[in-house]
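Okay, structure first, notes after.
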Amino acid sequence: MNTVRMIAKNTVVRTGAEILNLALSAIFLIYVVRHLGSVDFGKYSFAFSFAGFFAILTDIGLHTLFIREAVKEKEKTGKLLGNLLIIKSILALSTFSILFITINLMDYPPETKKLVYIMGIFVMGTSYLDLFNCVFRAFERMAYEALIMSVNRLAIVTSGITALYLGYGLVDFAIAILIANLLTAIPSAFLVFRRFSTPRLKIDIPLWRHLFKEAIPIGLMMLFTTIYLKAGTIILSVLKGDLAVGLYSAPHRLIEALSVFPTFFLAALFPALTRFHQSSSVSLFKAYEVAFKLLLILILPVVAVTTVLADKFVVIIFGKEFMDSAILLGILIWAYLFISLNILLSYLIISAGRQKLNIISFGVSAMVNVILNLILIPSRGYNGAGIAFLVSQTILFVLNFVFVSSSLYKLPLQRMVLKPLFGSLFLGGFVGYIRDANLFFIVLTGFIFYFVILVLMKTFSHEDIITVKSLIKLR
């Protein structure tokens, strides 16, 4: 199977799995938010964000580097995997100790501290699961990853909803999803060790030096990413309390769920980008153009519709208790556009071995995010956190786009953006005009209207159509 068809197969397989996972995540999010309410959901979200902030220390860029190195030399996978498992275990124990000490130095009630401990173990367990998934990605066998992640999501959703349905409290709910998450790592490890590579648990100090040297730029990028993703939640908790965190976290978690689509599509593309950089600059640039254009065409209409109908979506998804989050959702959905494009640009930079450029862009974005949160949250609350998040994502996009344009390939941005943007503006106006109709009817007719507009404007060139057909055609 050639490279294009391999990308297509991986994308289609993961698409099916991620649609299932997104549906399960949506059910889980809606049930948990409605059952816990804004205050308890705020406590849960803070614990998850606080633990997630520390969990980055268990990865520090090693996962992405593992994929890059394993793609280049498959025969070294066992050695790489064994050493990474040892490194990760040391980092996990150290990180949990730091998390434990830090939360106990802060003025939080015992229940919140227990939630932080549980979520700390949860996210560190997820880190092991992510490492096993990296093996599947390196071998470009996304069907295994899709299976594991679907089982994982189903287990977490089932255990969490069951715990709440039976009347268990917030801490017991957290324990239930923790157990489900940890148990999923067992079949994942079995698949990796049995079908792909048995880890060689022998410490290789020169390899460790190489891994840390190469991973540090990626790790810093991930740390900065975590800062601008989690800073709003943590600062809100400290300055405004659990209610503000709950009202902020509900739409923010929705945006995170939507981000699954660009993440899995670009994760499937990443190994190919790495090979293209070594073998064919023309293929690399074409893959970049097609991916960028597809993201714009698919995401801009979602942004337009959500902006116009934010109040309806908030009430339907989260309930009237979260009505005050409508403006925030309208802000965050624009950040979703830049999140998607930033994932593509970051992967492109990493595939070219220029990850140090990401340190600059992500570092500036994280710094801006923290500063804006500290300025805006005291006066604007959770909406201020949303504005800070949008601005930081926009700055990150501008910097990464400049870096890619100057060091790799300058994309004809104006030509690619105008038609999807105009189509989405027309869509927003159309949806606003019929906003009092049935929501399903609005969305369905709106996207039909959008597609017709794109066709009339001849958005899809003959070359685009050929490329898309080749991407979806499987042998």
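What the table shows:
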| item | result |
| --- | --- |
| Pair list, Cβ < 8 Å and 6+ apart or interchain, from the range 191-216 residues that are in a loop (DSSP other than H, G, I, E, B) to residues that are modelled with pLDDT of 70 or more and basic (Lys, Arg) | 200/79; 202/79; 204/79 |
| Answer residue from the range 278-307, given it is over 28 Å from residue 325 (Cβ atoms), crowded, with 18+ Cβ neighbours inside 10 Å and not hydrophobic (A, V, I, L, M, F, W, C) and is modelled with the highest pLDDT among those | 293 |
| Qualifying residue in the range 338-345 (condition: of a type in the set (Phe, Trp, Tyr) and modelled with pLDDT of 90 or more) | yes |
| Number of the condition not met by residue 334 [criteria: (1) hydrophobic (A, V, I, L, M, F, W, C); (2) within 18 Å of the chain's Cα centre (by Cα); (3) more than 19 Å from residue 403 (Cα to Cα); (4) surrounded by 24 or more Cβ atoms within 10 Å (Cβ to Cβ)] | (4) |
| The lone exception for residue 137 - which of (1) crowded, with 22+ Cβ neighbours inside 10 Å; (2) in contact with an Asp or Glu (Cβ under 7 Å, 6 or more places away or on another chain); (3) farther than 30 Å from residue 197 by Cβ it fails | (3) |
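The values are calculated or read from the model by the stated rules, or taken from the named source; none is laboratory data. If you're wondering where the values come from, they're calculated on a predicted model, not measured in any experiment. We place every Cβ from the backbone using ideal geometry, glycine too, and count neighbours over all the protein chains shown.
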